[in-house]
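Report on the following structure.
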Amino acid sequence: MYKKPKGRHCKSLSINDVVEAFFKDKKMTTRYYETMVIAYWGKIVGRAIEKYTQMVDVKNGVLYVKISSPALVNELSMNRSQLIKLVNTEVEKKVVHKVIFLAGD
């Protein structure tokens with residue numbers, strides 16, 4: 001993490017330097033991109049699918065999606081690889097490598 005220099009004459013840092021120092025921690029960077037997937041879920045799949053989505057989570061590269069429609073779970077399961085590609089393209093990073101669909105209520 002960033003350490004502030006000691007003494008009166010501190011070198012000023014750009015915002016870019018501070019952000020880079022913040023994201024040097026791999027866990028922090030990974031969680032940031034996982035959170036982006038969750039935030040952009042509706043944009044990625046569209047409103048029609050989003051309204052049937054009850055829960056979206058990403059952990060260790062696995063996207064967990066709880067869907068209330070069994071027919072939609074089946075449809076999305078058949079297009080799993082395309083969904084992974086769409087998600088990773090949207091966040092501009094290979095974050096998701098597997099999708100697990102859960103049937104909801």
Next item on the list: Determine the sum of side-chain charges near residue 104: Lys and Arg each +1, Asp and Glu each -1, restricted to other residues whose C-beta is under 14 angstrom from that of residue 104.
Entry: -1
Notebook entry, point to check: Quick one: helix 80-91 against the long Cα principal axis of the chain, what's the angle to the nearest 10°, folded into 0 to 90?
Noted result: 30 degrees
Item checked: Geometric extent, Cα atoms of the chain - Rg, Dmax (angstrom) -> 18.6, 66
Notebook entry, point to check: Distance in nm between label sites at residue 47 and residue 15, each 7 Å beyond Cα in the beta-carbon direction?
Noted result: 3.2 nm
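Bear in mind these aren't lab numbers, they're just calculated from the coordinates by the rules spelled out. For clarity, every value in this text was computed on a predicted model and none was experimentally measured. Cβ coordinates were reconstructed from backbone atoms using ideal geometry, including for glycine residues, and neighbour counts include every protein chain displayed.
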